[in-house]
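Colleague: Structure provided below as structure tokens; questions to follow.
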Amino acid sequence: MLLAQDPHKGYPDAMKRNRVLSGMQPTGDLHLGNYLGALKQWVVLLGKEDIDPLFCIVDAHAITVEYDQKSLPSRVIDAAATYIAGGLDPEKATIFVQSEVPEHTELAWYLASVTPMGDLQRMTQFKEKSDQHKQNINAGLFTYPVLMAADILLYRATIVPVGNDQVQHLELAREICRKFNSRFGKVFPEPQPRLSKTPRIMGLDGKSKMSKSKNNTIGLLDPPKLIEKKLRSAFTDPEKLRLGDPGHPEICNIYTLHEAFSPPEELLKIDAACRSGELGCGDCKKSLCGAVTAELDPIRERTLELRAKPQYVSDVLDAGRDRAREIAGSTMNDVRRKMGLGRGG
Ligand code: ADP
Ligand code: TRP
């Protein structure tokens, strides 16, 4: 067991395995933050036999900001191709599209009735996104975390691997879960966040977290030359201006990336040589570039191969949808019954 106690004890579903649920929006190509904070961590959870992993492409979340409806379907396929190429083996994980399981939006409506407005008003991502999209602050953007809670609770998931910025949403999902259970009886186990060792990757500017909206990313599909170019101008320890100056790896973003991509013995060498001043930032970035491209090259190649086979990806998503709907249908029968919806029975 991954959790100390059986998280399903006393709940109706006779599940013996911990269910993992996570998702990402199909908005553009993934970057290193998404990879290190989420996707790589998802893959780590696959091999464990007491885990039932489900991953969702959350297209219904993507419509809460301006988007292009013509390209959304191909971005969904591209996202699925990237997940598979990044290591999500469809034989071991259920991969599906959120809008193809309408129970997500149904449950979100029911959960909204136990969600305090004040909690939604506190969400920092809502505040940030409303600042970024002043011309379109819609109710969907405001209730976004309720749909996210529905994504998780619908599968009675107990483990939710996400980056740091989603922890507040998860706290709200836990609160909604408790409120629902205490009002209607035990239906959902409480989900727990699972953070990777690198839950908050900073952008290349060193100023804010790496994010597609900040133009400070290394893309998972960037070719090696572009990665090299981006790293060359990346922010490092501001006190290390020239070769010979002693550096401070603990505050350097390049070192954080080395921690994610370079082997432990290499890290020890880099740490010592940076502190002594013997290793300059240029050389340190070159070796990082080598380590990053060694890991990303096969992912990029496989993603491009899979994107050229949309039928295969589509078949994976069909199978994922069927399995997800089976679980979702059973949870919703329980939810409607407990809430007294419909004619009973
Ligand atoms: P973005 O901020 O680029 O819009 P998303 O909000 O779509 O990214 O995030 C998708 C997943 O990737 C989430 O689990 C999120 O926590 C994780 N993630 C995003 N950016 C980072 C980052 N800079 N460091 C670590 N994890 C991140
Ligand atoms: N809100 C998450 C993000 O922006 C995406 C998401 C939607 C999610 N539903 C989820 C993540 C359920 C984990 C579990 O990244």
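Colleague: Let me know the shape class of the range 221-304, please: from the alpha-carbon gyration tensor, a ≥ b ≥ c as square roots of the eigenvalues, rounded when a/c is under 1.5, otherwise prolate if a/b is greater than b/c, or oblate. Mind dumping the intermediate values first?
Modeller: Values: a/c = 2.72, a/b = 1.81, b/c = 1.50.
Prolate.
Colleague: What share of the DSSP beta bridges in the chain is antiparallel, in percent to the nearest 5?
Modeller: If we restrict to bridges inside the chain, about 10 percent are antiparallel.
Colleague: K186 versus D318, label points 7 Å from Cα toward the beta carbon: distance in nm?
Modeller: 4.0 nm
Colleague: For the chain, give the percent of accessible area contributed by carbon and sulfur heavy atoms, probe 1.4 Å, rounded to a whole number.
Modeller: Answer for the chain is 53 percent, counting heavy atoms of protein chains only.
Colleague: Once both labels are modelled 7 Å past Cα along the beta-carbon direction, what's the K229-A112 spacing in nm?
Modeller: Here the answer is 4.5 nm between the modelled labels.
Colleague: Can you work out the Karplus-derived ³J(HN,Hα) for every residue in the range 111-120? Use 6.51 cos²θ - 1.76 cosθ + 1.60 with θ = phi - 60°, whole Hz, and x for glycine or proline.
Modeller: For the range 111-120, the Karplus curve yields 5, 4, 6, 10, 9, x, 3, x, 5, 5 Hz.
Colleague: Okay, moving on. Step by step: find N for the chain, compute 2.2 N^0.38 Å, then divide the Cα radius of gyration by it. What's the final number? Please report the intermediate quantities before stating the final value.
Modeller: On the way: Rg = 21.6 Å, N = 345, 2.2 N^0.38 = 20.3 Å.
In units of the globular-protein estimate, the chain measures up at 1.06.
Colleague: Around K209, which amide H atoms from residues at least 5 apart in sequence, or from another chain, sit under 5 Å from its own amide H, with H modelled in the peptide plane?
Modeller: Residues meeting the amide H criterion: G203.
Colleague: How long is the gain from Q311 to L120 if the chain were fully straight, where each residue apart is worth 0.36 nm and the alpha carbon distance is subtracted?
Modeller: 64.8 nm
Colleague: What does the C-alpha gyration tensor say about the overall shape of the range 205-252? Classify as rounded when a/c is under 1.5, otherwise prolate if a/b is larger than b/c, or oblate.
Modeller: Oblate is the answer for the range 205-252, as a/c is 1.5 or above yet b/c matches or exceeds a/b.
Colleague: Just tell me which lysines come within less than 28 Å, Cα to Cα, of K214; anything on the same chain fewer than 8 places away is out.
Modeller: Counting by Cα, and skipping residues close in sequence, K214 has these lysines nearby: K40, K70, K127, K129, K134, K197, K225, K229, K230, K240, K285, K286.
Colleague: Quick one: length gained pulling S130 to I251 fully straight, 0.36 nm per residue minus the C-alpha distance?
Modeller: Working it through step by step, the gained length comes to 40.5 nm.
Colleague: Pop a pseudo-label 7 angstrom from the Cα along the beta-carbon direction at both I137 and E49 and give the gap in nm to one decimal.
Modeller: 5.3 nm
Colleague: Over 19 Å apart: what share of the alpha carbon pairs of the range 11-84 falls there, rounded to a whole percent?
Modeller: 44 percent
Colleague: Once phi is turned into ³J(HN,Hα) by the Karplus curve 6.51 cos²θ - 1.76 cosθ + 1.60 with θ = phi - 60°, what whole-Hz value does each residue of the range 79-90 show in order, with x for glycine and proline?
Modeller: Listing the rounded values in order: 5, 4, 4, 5, 4, 5, 5, x, x, 6, 6, x Hz.
Colleague: List the GluC sites (Glu not before Pro) within the range 178-255 that fall in a DSSP loop (any state other than H, G, I, E or B) and whose Cβ has at most 16 other Cβ atoms within 10 Å.
Modeller: Passing both the DSSP loop test and the Cβ count: E239.
Colleague: If you put +1 on each Lys and Arg Cβ and -1 on each Asp and Glu Cβ, how big is the dipole of the chain around its Cα centre, in Debye rounded to 20? Can you show the working numbers first?
Modeller: Values: 47 positive and 45 negative charges, 166 e Å.
Value, rounded to 20: 800 debye.
Colleague: Tell me which residues come under 5 Å, amide H to amide H, from R19 once H is placed; ignore anything under 5 positions away on its chain.
Modeller: D52, T158, I159
Colleague: Would you mind working out the magnitude of the charge dipole of the range 221-304 relative to its Cα centre, with +1 at each Lys and Arg C-beta and -1 at each Asp and Glu C-beta, to the nearest 20 Debye?
Modeller: With Lys and Arg at +1 and Asp and Glu at -1, about 400 debye.
Colleague: Helix-only estimate, please: 222 nm mean residue ellipticity of the chain, summing -39500 (n - 2.57) across DSSP H runs of length 4 or more and dividing by its residues, to the nearest 500. If you can, show how the numbers build up before the last one.
Modeller: Values: 13 runs with 170 residues, N = 345.
Value at 222 nm, helices only, nearest 500: -15500 deg cm²/dmol.
Colleague: Distance between Cα centroids, the range 49-72 to the range 233-259: provide it in whole Å.
Modeller: 36 Å
Colleague: Let me ask something else. With r as the distance between the Cβ atoms of E239 and R337 and R0 = 56 Å, compute the FRET efficiency 1/(1 + (r/R0)^6) and round to 0.05.
Modeller: E(calc), rounded to 0.05, equals 0.35.
Colleague: Determine ³J(HN,Hα), in whole Hz, for all residues of the range 301-317 in sequence, where each value follows from phi through the Karplus function 6.51 cos²θ - 1.76 cosθ + 1.60 and θ = phi - 60°; x replaces Gly and Pro.
Modeller: Karplus-based 3J(HN,Hα) across the range 301-317 equals 4, 5, 4, 5, 4, 5, 5, 7, 10, x, 5, 4, 4, 4, 4, 4, 5 Hz.
Colleague: Give the long-range amide H neighbours of V97: residues separated by 5 or more places, or on another chain, with amide H under 5 Å away, using H modelled in the peptide plane at 1.01 Å from N.
Modeller: Long-range HN contacts for V97: I57, R321.
The values are calculated or read from the model by the stated rules, or taken from the named source; none is laboratory data. These numbers were taken from a predicted model, which means no experiment stands behind them. Here the Cβ is made from the backbone with ideal geometry for all residues, glycine too, and neighbour counts use every protein chain on show. Calculation scope for accessible area: heavy atoms of the full protein, side chains included, ligands and nucleic acids excluded. Shrake-Rupley method; radii C 1.70, N 1.55, O 1.52, S 1.80 Å.
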